[in-house]
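J.: A single structure is presented below for examination.
The values are calculated or read from the model by the stated rules, or taken from the named source; none is laboratory data. Everything quoted here is computed from the prediction, not taken from an experiment. Reconstructed Cβ throughout: ideal geometry from the backbone, glycine too, with neighbour counts over all protein chains shown.
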Amino acid sequence: MSVFFGELSYSGDLLPRMDNLSLMSRAIAHWGPDSQGCWAEGRLMLGARDRQRSAHRRHPALPLIAPDLILVGHVRLDDREQLCRTLGVPDNLADSEIFAWAWRRWGSDCAERVLGDWVCAVWDRQARGLWIGRDAAGNTGLYYWHDSRRLIFATALKALLAHPAVPRHPDAYAIARQLTRVMDPGEDAATVYQDIRRLPGGHALRCDGRGVQAYRWWQPEQLPALTWTREADYFDAFRDVYAAAVRDRLRRDEGPVALMLSAGLDSSSVAALAAPLLATAGGPLLAYVAVPRFQPLGAPAGWVGDEGPVARAVAEHIGNIVCHRVASDDMGIARSIERMLEIHDLPGHAVGNQFWIQDILQRCRTAGVHVVLTGQGGNGTVSWTGTGNLRQELAALGAQAALLDLLRGGRGQFSALIKSQALKPLLAPLYRQVRRRRREQRPTWEYAAIHPALVAESDLAARLRAAGDDPAGPGWSSHDPHVARFRLGQLGSAALGALWMDAGAAYGLEVRDPTRDRRVIEFCWRVPHRIFWAHGIQRGLIRKGMADVLPASLLTARVKGRQSADIGYRVLADREAITDALDRVERHALANAWLDVPKMRAVLVALGTSVTPHTSLQAVATLLRGLGVGLFLTRF
């Protein structure tokens with residue numbers, strides 16, 4: 001795993017200083033303890049650190065210095081052999097060296113031709129220009145800040161914040177969205193720091209003497225739709241693409257491989273494809289399953305509160321999997337939030353899952369694991385429900401053919417489909433209008449720990465309306481194109497990949513997600529909506545595509561697993577530390593002004609009275625998310 005950072009001046013009277021580069025390097029020493037290097041020439045300085053995952057593979061020193069270019073990057077390439085043949089280079093080169101040859105052949109267009117998880121900065125010595133690019137949707141990240149005189153960048157936010165020129169001011173609108181968990185497509189690159197940006201997946205920066213230009217190189221929505229006659233062809237092709245995504249994330253010389261396994265289709269399908277491949281190499285897949293420590297009373301009706309039994313049954317069905325139950329008995333909630341801020345220097349939405357995520361990553365490190373697989377992005381790709389509705393199906397197939405197609409799914413599936421894909425899209429606009437006229441619909445942020453003063457200061461309601469999200473309604477329809485972009489791996493990719501990259505690095509691991517593979521996402525963009533709910537079968541692509549490798553009980557299940565279903569009791573067990581943290585937030589001027597601390601305390605009181613699905617949800621959405629933001633704000 002490599003991390004890099006640098007500074008480019010485009011003002012002749014301001015040159016980068018080596019002591020600033022050293023500060024950035026020291027801030028992220030844990031990322032790359034095995035080697036470090038730097039390069040400077042005039043107005044550009046580049047630094048890199050590296051952690052070697054294998055003693056059997058070449059690890060060239062970074063920065064990679066050549067007569068025509070300087071390269072720093074975190075690069076894991078897929079389909080190496082084919083790429084090396086195309087480039088005419090030996091296949092024993094390191095991934096970063098292959099990327100350099102791809103740049104020599106195609107320049108910045110190489111981004112469209114290489115596959116894998118990568119983020120790179122390339123200095124073209126002849127053109128005197130810097131290019132910084134990121135993969136389509138992998139677990140990578142790039143943070144940057146610039147003004148009229150210089151650009152400062154790093155793959156780790158901690159390194160960027162260590163530079164004395166980078167300002168550290170919280171952004172009111174970003175903090176408001178963090179608390180309310182609302183989506184603004186125009187702010188995908190924003191962070192909770194003013195003027196500090198993330199580079200979204202499929203984007204790049206061009207940097208020269210005139211400044212910085214961000215542009216998007218990946219546009220999967222422009223790919224032609226697949227129009228195959230045989231329905232089975234979609235499921236066969238899906239399996240091939242998905243299997244390649246899993247296979248390319250496994251390398252024989254990287255030691256034991258672990259998986260975050262749940263009772264869901266996504267991580268289970270990763271397990272079904274990875275375990276047989278690892279068996280040929282003589283090692284099992286180590287599966288870690290988060291299970292409750294207390295009664296899982298936070299799971300609503302129809303949800304599974306303990307995913308352990310289902311996950312174990314999946315592991316036994318697949319074979320070559322060693323399953324570990326992780327109850328996280330010694331992980332305090334307050335301490336896990338503090339640890340989250342230590343790792344990311346950012347608050348997070350999934351604060352209620354931090355304790356078991358951190359516990360699993362630590363267990364992987366103790367077990368000598370270097371690579372951890374997840375199915376984090378599956379809901380938006382392999383197990384997506386689709387955005388189509390019956391109107392599209394009728395238009396595509398004709399009324400009679402569409403009706404016959406739907407009836408194949410059986411009476412129950414047909415009924416469910418009519419409700420979700422016909423009645424709901426039809427009635428949702430009417431429902432919004434009625435609720436608005438009666439003034440019964442409350443703003444979406446009323447459940448959050450946000451103070452009314454921050455709602456006003458950030459102009460939250462007006463900005464959300466401008467973004468297309470009605471704060472007085474139920475939010476975007478599931479058929480909205482914004483939601484399609486979010487669910488299929490574009491919106492949100494700036495944060496998700498960077499956060500997993502950070503989390504892995506904190507424990508000396510590399511977290512990889514085949515469900516967010518570029519090939520998988522592009523395939524899902526091209527698949528007709530009707531395939532995702534094949535004959536009324538919800539998540540039809542994965543249920544049919546993985547039908548012969550996953551147990552029938554999982555493929556036909558209509559319930560979902562609820563992670564951290566015992567969160568209410570965990571909060572009560574850590575009540576003293578959480579109360580102390582709330583006291584700290586209340587004493588801090590900015591945190592107390594932007595957060596509704598009394599509302600957060602009221603949630604704690606309600607939990608003490610009764611732990612239910614409702615109070616458990618309040619604990620996550622109001623108390624813990626608010627506490628994460630509050631403790632973050634106490635840093636200012």
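J.: Among the residues of region 282-317 satisfying the criterion of being part of a loop (DSSP other than H, G, I, E, B) and among the acidic types (Asp, Glu), which is surrounded by the fewest Cβ atoms within 10 Å (Cβ to Cβ)?
T.: The qualifying residue surrounded by the fewest Cβ atoms within 10 Å (Cβ to Cβ) is ASP306.
J.: Still on this structure, please answer the following. Could you list, in sequence order, the residues of region 118-136 that are charged (D, E, K, R), under 16 Å from GLY497 (Cβ atoms) and assigned to a loop (DSSP other than H, G, I, E, B)?
T.: ASP135
J.: Six or more apart or on different chains, Cβ atoms under 7 Å: show the pairs whose first residue is in region 569-584 and of a type outside the set (Phe, Trp, Tyr) and whose second is modelled with pLDDT of 95 or more and not in a helix (DSSP H, G or I).
T.: That search, which allows pairs on different chains as well, returns ARG570/ARG293; ARG570/PHE294; ASP574/GLY332; ALA577/GLY332; ARG584/THR634.
J.: Here is a follow-up. Report the residue count in region 590-636 for those that are surrounded by fewer than 20 Cβ atoms within 10 Å (Cβ to Cβ), of a type in the set (A, V, I, L, M, F, W, C) and not in a helix (DSSP H, G or I).
T.: 1
J.: Restricting attention to region 166-176, which residues are over 21 Å from ASN20 (Cα atoms) and in contact (Cβ under 8 Å) with a residue 40 or more places away in the chain?
T.: PRO170, ALA172, TYR173, ILE175, ALA176
Quick grid of which residues meet (1) out of contact with any strand residue (DSSP E or B) (no Cβ under 9 Å at 6 or more places or on another chain); (2) modelled with pLDDT of 90 or more:
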position: GLY489; (1), (2): yes, no
position: ALA495; (1), (2): no, no
position: LEU499; (1), (2): yes, yes
position: ALA506; (1), (2): yes, yes
position: VAL511; (1), (2): no, yes
position: ARG519; (1), (2): yes, yes
position: ARG526; (1), (2): yes, yes
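J.: Name the one entry in ALA136, ALA102 that is farther than 21 Å from GLY47 by Cα and modelled with pLDDT of 95 or more.
T.: ALA102
J.: Just the residues that are polar (S, T, N, Q) and in a loop (DSSP other than H, G, I, E, B), please, taken from region 361-383.
T.: THR374, GLN376, THR381, SER383
J.: Within region 596-630, track down each residue that is within 26 Å of the chain's Cα centre (by Cα) and either under 13 Å from LEU179 (Cβ atoms) or among the aromatic types (Phe, Trp, Tyr) (or both).
T.: Listed by number, the residues that qualify are VAL620, ALA621, THR622, LEU623, LEU624, ARG625, GLY626, LEU627, GLY628, VAL629, GLY630.
J.: Next up: Looking at region 203-259, which of its residues are hydrophobic (A, V, I, L, M, F, W, C), surrounded by fewer than 19 Cβ atoms within 10 Å (Cβ to Cβ) and over 19 Å from ARG512 (Cβ atoms)?
T.: The answer is ALA214, TRP217, LEU223, ALA225, LEU226, TRP228, ALA232, ALA237.
J.: Restricting attention to region 575-588, does a residue exist that is buried (at least 23 other Cβ atoms within 10 Å of the Cβ) and acidic (Asp, Glu)?
T.: Among the residues of region 575-588, not one is buried (at least 23 other Cβ atoms within 10 Å of the Cβ) and acidic (Asp, Glu), which makes the answer no.
J.: Just to check your reading of the model, which residue among LEU454, LEU464 is crowded, with 17+ Cβ neighbours inside 10 Å, assigned to a helix (DSSP H, G or I), at pLDDT 95 or above and not assigned by TED's automatic domain parsing to the domain that holds VAL119?
T.: Going through LEU454, LEU464 in turn, the sole match is LEU454.
J.: With the requirement that a residue be crowded, with 19+ Cβ neighbours inside 10 Å, of a type in the set (Ser, Thr, Tyr) and not in a helix (DSSP H, G or I), what does region 137-189 give you?
T.: If the condition is that a residue be crowded, with 19+ Cβ neighbours inside 10 Å, of a type in the set (Ser, Thr, Tyr) and not in a helix (DSSP H, G or I), then THR140, TYR143, TYR144, THR155 are the ones that fit.
J.: Sticking with this one: Could you tell me which residue of region 318-360 is surrounded by the most Cβ atoms within 10 Å (Cβ to Cβ), considering only residues that are assigned to a loop (DSSP other than H, G, I, E, B) and free of Cβ contacts under 8 Å to residues at least 40 places away in the same chain?
T.: For region 318-360, the residue satisfying everything is SER328.
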